[in-house]
Every structure is written in C-alpha cells, then in structure tokens.
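Here, each number is a calculation from the coordinates, and none is a lab measurement. Just so we're clear, the structure is a prediction, and the values are computed from it rather than from any experiment. Heads up, the Cβs are rebuilt from the backbone with ideal geometry, glycines too, and the neighbour counts pull from every protein chain shown.
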Number of protein chains: 2
Amino acid sequence: MLRMTKQADYGIVLMTHLAARAGRQFSAPELAAETRIPLPMVSKILKLLVREDLLVSHRGVKGGYALARAPRQITVADLISALDGPIAFTECIEDTPGSCSQEGICGVRDNWQRINQAVRHALEGITLADLTQPLASPLVQLGSGRGAELRA
Amino acid sequence: MLRMTKQADYGIVLMTHLAARAGRQFSAPELAAETRIPLPMVSKILKLLVREDLLVSHRGVKGGYALARAPRQITVADLISALDGPIAFTECIEDTPGSCSQEGICGVRDNWQRINQAVRHALEGITLADLTQPLASPLVQLGSGRGAELRA
DNA sequence: CCAAAACAGGACGGTATTGGTCCTGTTTTG
DNA sequence: CAAAACAGGACCAATACCGTCCTGTTTTGG
C-alpha cells in the first residue's frame, strides 16, 4: 500500500505535538494522554528518537523529552528514517553487489536512485515547523519543491 | 522500511523494459526471461496493469502486452497506485470518519495531506520516458543540493 | 537513605500483508 | 482442434509490524 509504518506515523504526531509547544518538556505518559496513543508505543518511539538525536531526554521523577533542535531544523525525512530506517523505496540499494539478479542488464538501477531521491527530497522539504502551521501556506510549493522546477 | 512492495518494484522494471522498446509487443514469458523475474509474478503484475489501463493485451498464440500510452504519459505514480493501491503514506485518509481516534484534537490531519501530496507529486513528476534515459537529468542535482543545506 | 516516577533497552507473540505459486477457464493462431 | 498465451482467482509460507511487558538505571523529594 505504500504507506509508512505506524511507528513513523505516531512519531510525526508526537513530534508535531512537541513542536507546537516547543521549549517545554513532556513526559511519555503526558504525551500518551494528550495524543491518545497507547503509552507503550509512545515510550518505544520516543526512545528511538532520542537515540537518533532528534529528542533529548531527562531521567528521574521530573524527567521527560524535548526537541533536540528547532522545529525548522527537523524534517519529516529525519523522522521517517529514524523510525523506519533509511528511505529507500526499492531494495536495489547497492550495498550488497550480488543481491540484484539483474546486475548487468538491469539498466533501471540508476533510475531507481532517481525515484528514491525524488521522494527523499520531497520529505526533506517538510519540517516540523511546517506541520505546526494550521494550513495552506505558500510553503507548500517549497515542500514539493522539485516538481515546480520540473514544470517551470 | 518505507519502501514500495516488490510488485510495484517489478512492475516498474517491466514497464521500463517495455518503454525502452516501445511499439513492440511482448509476451509474459518473453518479459520474464529478459528481466529474470519469475514468470508467475510477471503474469500477475501484467494482468493488474491491464486492468488499470496502463497496458493493452492481445490474447491468443501470438498474444502479448504493449503500453497503453506513450512512455511520457505514464508516471511512476500511476504504476505504484495501480499495483500497490492509492499513494497514501498515512492511514489518516478521511474516507471513514470514525477511523481516527484523534478526530477533534489531532491538528496534524491537514498536514498529513501535505506529506501525501509532496510524495505523490514527486512520483507524478517521473515518467517512464525519464526512466529509459540513461542518467543525469537536471532532476538529480536538485536533490543533492537541498539536503546538504538542511543538515548544515 | 529510600520510595516513587520516569527513562533505557530489550524480548516476545499475534496478526496482517506480501511474495510467490498454481489451477481452471477463455481467446486466438494455424 | 491443438497449442500458446491471456484472465481471474484461490491458496500457502514467510516476513514484518504492532503492541505489550519485563528488568534495569537515574533522579527527585521526604
């Protein structure tokens, strides 16, 4: 179905929530309550985001999580790759050179990168700051970016 | 891992193959041999593409498949939605209004559409014609430039 | 100094989707 | 009328994902 996992989905909701109230620190239970996402999931996701340096955490009774950078410095691409792994639509990533049965003949392989880049680029163009803005801003064109230039 | 299914993957390979030799007609066994994709899969995929009007088929002994339109008129988005269903990263498609537990509070929902559109738009910008071209179109530079800027 | 609250880091199972095969038609060529 | 190829499903095995739980470790406050 070509959709991202629920982890990333939830992750974006949580981060957007944090971005909208930036500065403050939120505990996992707090966030779970406010977003209606099951606590264990919230916990799991936040831990991952800390490991990827997108959140900072404070332990202890009054502990919690806060954004590691300004909302404008965190892209949707960052979140998705942190939670779902590298953004690679195709399996055709040339790490393991024997993995592709096509090898010599394929001829599409270079173009695979084109697709991956297009998507990655689209997702890099959307920041948390964008997601906290109510609606319909001129930023949208920026986000889709590449296409504009294509058609222009 | 945020990747498309193998069906779509294979589908793009097959269609690119056809686009590169446009005009001619290919049988499923032929395509299977040339792309090294297992025949049953090839068959299954081509049938789906016919149903979505991206291919036309001829039955009978000398039957086969051919593109339904010019390569430039078929986008990667077309292929993916034909094989993997509608391009919707999030489950948050408002067909069924009760499906989202957030409903009132969410506040991200509008922005979901923003992400979906960005990706859809990126994929609509790539046609089969692009994929048959060897390499290095103006698209590529754009991709690298922007990511660097964001991380800096 | 100890108890409670919160983060850290895994392990674990049920479920749904996907990848892939196969089978039974129907159409066309020669 | 036989063979080759498309049409349209049903079907199973493997995988990945969703969600939970358990056992630490750190910090606050009485």
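Report the residues of the stretch A:1-40 in range of a label on residue A:72: point 7 Å along Cα→C-beta, backbone N strictly under 20 Å from it. Taking a point 7 Å out along Cα→Cβ of residue A:72, the residues of the stretch A:1-40 whose backbone N falls under 20 Å are A:15-24.
Inter-copy label distances at residue B:34, using a point 7 Å along Cα-to-Cβ, come to 5.8 nm with the shortest given first. The spacing between the stretch A:18-92 and the stretch B:46-64, judged by their C-alpha centroids, is 47 Å. The ranking of B:89, A:26 from fewest to most other beta carbons within 10 Å of each one's beta carbon is A:26, B:89. Shape annotation for the stretch B:5-73: C-alpha extents along the principal axes are 29, 24, 21 Å, from largest to smallest. In terms of other Cβ atoms within 10 Å, A:27, A:43 run from fewest to most in the order A:43, A:27.
Maximal additional length on extending the residue B:36-residue B:58 stretch stands at 5.7 nm, based on 0.36 nm per residue less the C-alpha distance. Sorted ascending by nearby beta carbons within 10 Å, beginning with the fewest, B:9, B:53, A:84 become B:53, A:84, B:9. Residue-wise HN-Hα couplings along the stretch B:113-127, as the Karplus relation 6.51 cos²θ - 1.76 cosθ + 1.60 with θ = phi - 60° gives them from phi, are 4, 4, 5, 4, 5, 4, 5, 4, 4, 4, 6, 6, x, 10, 10 Hz; Gly and Pro carry x.
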